[in-house]
Amino acid sequence: MDALLQVPVDGFRFDNGSVSCCKPRNNLDSGTTNHFTCFKESESQNSSPTESTVCSDYHPVFKYINDMLMEEDLGGQSCMLEDSLALQAAEKSFFEVLQDQSPPQSDQISGDPEFSLHQPTSDFTGSSEVSEESTRKYYRHRDDDEEDDLESGRKSKLPAISTMDELAEKFEEVLLVCNKNDHGEVIPNKTGRVKSSSNRSKPQKSDQPVDMRNILMQCAQAVASFDQSRAAEKLREIREHSSSHGDATQRLGYYLAEALEARITGTMTTPVSATSSRTSMMDILKAYKGLVQSCPTIIMCYFAANKTILELASKATTLHIIDFGILYGFQWPCLIQALSTRHDGPTPKLRVTGIELPQSGFRPSERVEETGRRLKRFCDKFKVPFEYSFIAKKWEDITLDELAINSGETTVVNCILRLQYTPDETVSLDSPRDTALKLFRDINPDLFVFAEINGMYNSPFFLTRFREALFHCSSLFDMFETTLPEEDDCRTLVERELIVRDAMSVIACEGAERFARPETYKQWQVRILRAGFRPAKLNKQIMKEGKEIVRQRYHKDFVIDNDNHWMFQGWKGRVLYAFSSWKPAKK
């Protein structure tokens, strides 16, 4: 199992000896440096044994990503998760429209007739707090030149962006690092960022300190009480002190103001992103590399899962992993290489069933098929026998017969950071989330490996949800402020994928359009127990090694700890991620 941590560096080069686009800040506060910047082969040969071990831990992941970046057809592809969630939200919205036979009702409130707040209805009879909306939304990107004064009202709303092609056309407009001169010609931007024609990207300096979280809460309260004048006033105040490329507080204010305005006007940029285009797959890979270098959160979830699986499969001849939410398969290169170096017997056969939500278009399973081909190439390099099958369906619609489980194989159900995107009982009385968990139990696996965001912002009531999302996002922005340089475009990519997309969903959307529905680890525990699982004991050695990795490699404010069978990861005392493993309870 030590092979999972001590992967040999010899024989591979990372982008011809280069390092990732993101260079994390040194951990000066903790007296250590971030060793992930030493992927150059020549440097690793001259490093100390301890440093070499730290450098090489997740080299297979970077090699896997490197191979992906070399693919000729990668540039035109968009984010796999965004496409899936967009299709899911669109299908649910269309279904709701078909069911809504009542004539549209006025959504205006007293005051300016051109400015309207969509009045939500409550999920629970008799409740007075703002909850799920029943109105439809249009999707569009707010231009920086657009008038800020919401009291003057929106003169028009742009039509919905209905196809991926239209979204793709706006891609360069958002991600090109350039400016235009008076003649419309593109000229380079020395700072590496897109200059905004508005003063929002450069907040006005003020001698008075600003309590951004307090102003955001005041704005949210105004939105919840349909006070259009106060909401507009607070939004203007937030924008005076916020920027999409400022410090953590300024970025928090900027993006949450975007989400609040989207809720006020009934608009949203897209169902799955707070930018005017879908994130390209190329940028996803770059952001992932930067995230792994600077933050342990995702890597430690993979580390704990893979070590637990290896421990279970130490004697297995066939290991069958049913991965719900496989995406690009980033979790498995380290496991594959560890299996190839197993000393207590022949290399086991690895079966992977990759499960993803369907993609839009005529080939809903195309992307999850590509993941299988990449994993096959990686297994061939390490001479690990490999078999891959895939399913592209909503998880609640999958049946046990589709999974082709063979007797005698060691079976693992794996679901890492994806179950929060499965709708719960607030969307459908037959909770798709509980249905998926019941399927996990019906598989009767030898092990169920689970990790999720520890989030308390899934309340049906808007104000409660906003307050918790504010605290959660504050921690994440502060984390990236500390670990990633401000003038690094990878930071923007990481924030957009891990904060902005979900925050926009949580704040601006209601009903089926709100795709991000995280829960606390205690709520997840209740669901998993109810589905028929019992907790598996967390290996103390895994915890010990995990803590050592975080101590050596990452900033001192990252925390990793455990409580019974849960492993927690946090930032400055706030628990952000939770990991656990489970076994079927005896019937």
Item to check | Sole exception among (1) surrounded by fewer than 20 Cβ atoms within 10 Å (Cβ to Cβ); (2) under 26 Å from residue 285 (Cβ atoms); (3) of a type in the set (A, V, I, L, M) for residue 338, by number | outcome: (1)
Checklist outcome for this item: The residue that is surrounded by the fewest Cβ atoms within 10 Å (Cβ to Cβ), considering only those in region 557-587 that are touching a residue at least 60 places away in the same chain (Cβ under 8 Å) and assigned to a loop (DSSP other than H, G, I, E, B), is 572
Checklist outcome for this item: In region 435-467, anything out of contact with any helix residue (DSSP H, G or I) (no Cβ under 9 Å at 6 or more places or on another chain) and either part of a helix (DSSP H, G or I) or modelled with pLDDT of 95 or more (or both) is listed as 444, 445, 464
Checklist entry - Looking at (1) over 23 Å from residue 336 (Cα atoms); (2) surrounded by fewer than 22 Cβ atoms within 10 Å (Cβ to Cβ), which is the only condition residue 378 fails? => result (1)
Item to check | Residues located in region 498-512, provided they are open to solvent by less than 20 Å² (accessible area, probe 1.4 Å), part of a helix (DSSP H, G or I) and not small (Gly, Ala, Ser) | outcome: 499, 500, 501, 502, 504, 506, 507
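Here's the yes/no breakdown for (1) surrounded by fewer than 23 Cβ atoms within 10 Å (Cβ to Cβ); (2) farther than 28 Å from residue 430 by Cβ; (3) among the aromatic types (Phe, Trp, Tyr); (4) modelled with pLDDT under 90:
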site	(1), (2), (3), (4)
323	no, no, no, no
331	no, yes, no, no
386	yes, yes, yes, no
401	yes, no, no, no
Checklist outcome for this item: With the first residue restricted to region 379-403 and required to be within 27 Å of residue 515 (Cβ to Cβ), and the second required to be in a loop (DSSP other than H, G, I, E, B) and modelled with pLDDT of 95 or more, Cβ contacts under 7 Å at 6 or more apart or on different chains are 391/398; 400/443; 403/443
Checklist entry - What residue, among those in region 311-370 that are of a type in the set (Gly, Ala, Ser) and within 22 Å of the chain's Cα centre (by Cα), is farthest from residue 393 (Cα to Cα)? => result 329
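Out of everything in region 406-418 that is in contact with a strand residue (DSSP E or B) (Cβ under 6 Å, 6 or more places away or on another chain) and not acidic (Asp, Glu), what residue ends up being farthest from residue 457 (Cα to Cα)? Write out each step before concluding.
Residues of region 406-418 that are in contact with a strand residue (DSSP E or B) (Cβ under 6 Å, 6 or more places away or on another chain), as a first pass: 409-417.
Still in the running and not acidic (Asp, Glu): 410-417.
Details: 410: 36, 411: 33, 412: 30, 413: 26, 414: 24, 415: 21, 416: 19, 417: 16 Å.
Here the residue is 410.
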Checklist entry - Which condition does residue 550 not pass, out of (1) open to solvent by 50 Å² or more (accessible area, probe 1.4 Å); (2) part of a helix (DSSP H, G or I), if it passes all the others? => result (1)
Next on the checklist: When you check residue 512 against the structure, is it under 29 Å from residue 432 (Cβ atoms), touching a Leu at 6+ places or on another chain (Cβ under 9 Å) and among the hydrophobic types (A, V, I, L, M, F, W, C), yes or no?
Outcome noted: no
Checklist outcome for this item: Flagged in region 535-587 as more than 18 Å from residue 483 (Cβ to Cβ), of a type in the set (Ser, Thr, Tyr) and in contact with a Ser or Thr (Cβ under 9 Å, 6 or more places away or on another chain), in numbering order, are 581
Checklist outcome for this item: In region 349-371, anything surrounded by fewer than 20 Cβ atoms within 10 Å (Cβ to Cβ) and in contact (Cβ under 8 Å) with a residue 24 or more places away in the chain is listed as 349, 360, 361, 364, 365
Item to check | Failed item, numbered, when residue 443 is tested on (1) open to solvent by 20 Å² or more (accessible area, probe 1.4 Å); (2) touching a residue at least 60 places away in the same chain (Cβ under 8 Å) | outcome: (1)
Next on the checklist: So, in region 528-561, how many residues would count as being of a type outside the set (A, V, I, L, M, F, W, C) and under 12 Å from residue 304 (Cα atoms)?
Outcome noted: 7
Checklist entry - Going through region 306-321 one residue at a time, which ones are within 21 Å of residue 567 (Cα to Cα) and open to solvent by 20 Å² or more (accessible area, probe 1.4 Å)? => result 311, 312
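Is region 518-527 home to any residue that is β-branched (Val, Ile, Thr) and either at pLDDT 95 or above or not in a helix (DSSP H, G or I) (or both)?
Start the filter on region 518-527 by keeping residues that are β-branched (Val, Ile, Thr), which leaves 520, 526.
Among the residues that remain, those that are also either at pLDDT 95 or above or not in a helix (DSSP H, G or I) (or both) are: 520, 526.
There is at least one residue in region 518-527 that is β-branched (Val, Ile, Thr) and either at pLDDT 95 or above or not in a helix (DSSP H, G or I) (or both).
Let's see how each residue does on (1) of a type in the set (Val, Ile, Thr); (2) free of Cβ contacts under 8 Å to residues at least 60 places away in the same chain; (3) open to solvent by 10 Å² or more (accessible area, probe 1.4 Å):
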residue: 213; (1), (2), (3): no, no, yes
residue: 218; (1), (2), (3): no, yes, yes
residue: 229; (1), (2), (3): no, no, yes
residue: 238; (1), (2), (3): yes, yes, no
residue: 244; (1), (2), (3): no, no, yes
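The values are calculated or read from the model by the stated rules, or taken from the named source; none is laboratory data. Just so it is clear, the structure is predicted and the values come from calculations on it, not from any experiment. Using ideal geometry, Cβ is built from the backbone for each residue, glycine included, and neighbour counts are taken over all protein chains shown. Only protein heavy atoms, including side chains, enter the accessible area calculation; ligands, DNA and RNA are left aside. Shrake-Rupley method; radii C 1.70, N 1.55, O 1.52, S 1.80 Å.
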